[in-house]
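Notes for the one structure printed next.
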Amino acid sequence: MSKRPRTLDAFFAPPPAKKRHIQTTTTGGDVETTERKATPGAGTKQQPLSNHPTYPFAIPHLPPDITDSLNSTPATEPQILNNQPDLDLLYYRPYIPQPTAKQFFHFLRRELPFYRVKYTINRGGALDTPVTTPRFTTVFGLDETARFDIHGQPVSGSKATHYACRPRPIPQCLDHLRALTEQTTHCKFNVALVNYYASGADSIAYHSDSEHFLGPEPAIASFTLGTSRDFLLKHVPTPVNHISETRAPMRLPLKSGEMVLMRGRTQSCWLHSVPKRKGGEAETGRMNITFRQALVRGGTENYYRYNVGEGEVYKWDEGRREMVIYRGN
Ligand SMILES: O=C(O)CCC(=O)C(=O)O
Ligand SMILES: [Fe+2]
């Protein structure tokens, strides 16, 4: 029997583009500002920005051409992948059309703050083991128990509420896609988590996002931008040991603009990973955006702890073509 990973090669022709109009400043607390930017041949232009006291720097709104193109997404109908026990995925190939996905990738990589989070784990011994997350991460949003008031402070009802982390609103450039994804999927999302895999050495190990703070059958929308990377899925071991646990993992070779909606029992019964890759295309960087719904404050605390942390801020340096420590300039 061949042990080759299974791939999906069904092809879906894009249906005619739908036009939608959506207004996004929905997370609140996003202090809107503008900045004068010189645009060659067009004089100076107001550049709208998302800002917040917790942001290390202001984040520009989406350029109008990306917004217009996103408003016509999804570019295809999804493929339904539910032919394995407990698996329930919608696979959009793609969700964002190719040229827009590329522009969006470059925009987000250039404009978002990233972190290389360090933390410790205890493996049962006397000493804690230091861990550095093997990818760049960043997170925005707030769980269902609170909202941002007009000053950008988290409040529950009408009272200020304290978090150990410093939650921050989803900037317009991600919030626009969040709102569109809610419309498409009929799911609600309040957190945007972004991973940036700078090279094939960056990865995420097998895990599930079945955290209690997402509720019993969470829906997670997961977008790929930039370089393709393999997304592997395997069933968690069970006493009955069915075939999806023992054969080679399922492999989705995720490409720029594609989106996987994981839902139903997928998180409680399956593990997923993005393994390391040697050289080639993986050297040019891949971004992953996930939208999730955190139900309780533990979700907010956990996401900021492991995706922002307390270390340095990184920002993309176009000249050096890498993430560099941001020193406020
Ligand atoms: O990069 C990906 O496609 C997966 C990311 C992921 O699983 C996560 O952030 O929990
Ligand atoms: Fe995950």
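The values are calculated or read from the model by the stated rules, or taken from the named source; none is laboratory data. Keep in mind it's a predicted model, so treat the numbers as computed, not measured. A quick note on method: Cβ atoms are made from the backbone with ideal geometry, for glycine too, and the neighbour counts reach across all protein chains shown. Remember, those area values only see protein heavy atoms, side chains included, never the ligands or the DNA or RNA. Shrake-Rupley method; radii C 1.70, N 1.55, O 1.52, S 1.80 Å.
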- Pairs of alpha carbons in the stretch 206-329 whose separation is greater than 19 Å (percent): 61
- Low-density loop trypsin sites (Lys or Arg not before Pro), the stretch 150-206, at most 15 other Cβ within 10 Å, DSSP non-H/G/I/E/B, are K188
- Taking the Cα atoms of the stretch 178-243, what is the range of coordinates along each of the three principal axes, in descending order and whole Å? 40, 33, 20
- Task: Sorted from largest down, give the three principal axis spans of the alpha carbons of the stretch 113-237, whole angstrom values.
- Result: 44, 40, 33
- Query: Scaled to the compact-protein estimate 2.2 N^0.38 Å, what is the alpha-carbon radius of gyration of the stretch 63-306, rounded to two decimal places?
  - Reply: 1.02
- How big is the Kirkwood radius of the stretch 262-329, worked out from every pair of different alpha carbons and given in Å to one decimal? 15.8
- Item | Average accessible area per residue (Å²) across the stretch 63-306 - probe 1.4 Å, nucleic acids and ligands excluded | 40
- Query: For the stretch 47-128, what's the radius of gyration and Dmax over Cα atoms, in angstrom?
  - Reply: 19.6, 56
- Note on the structure: Carbon plus sulfur, as percent of the 1.4 Å-probe accessible area of the stretch 63-306, comes to 56
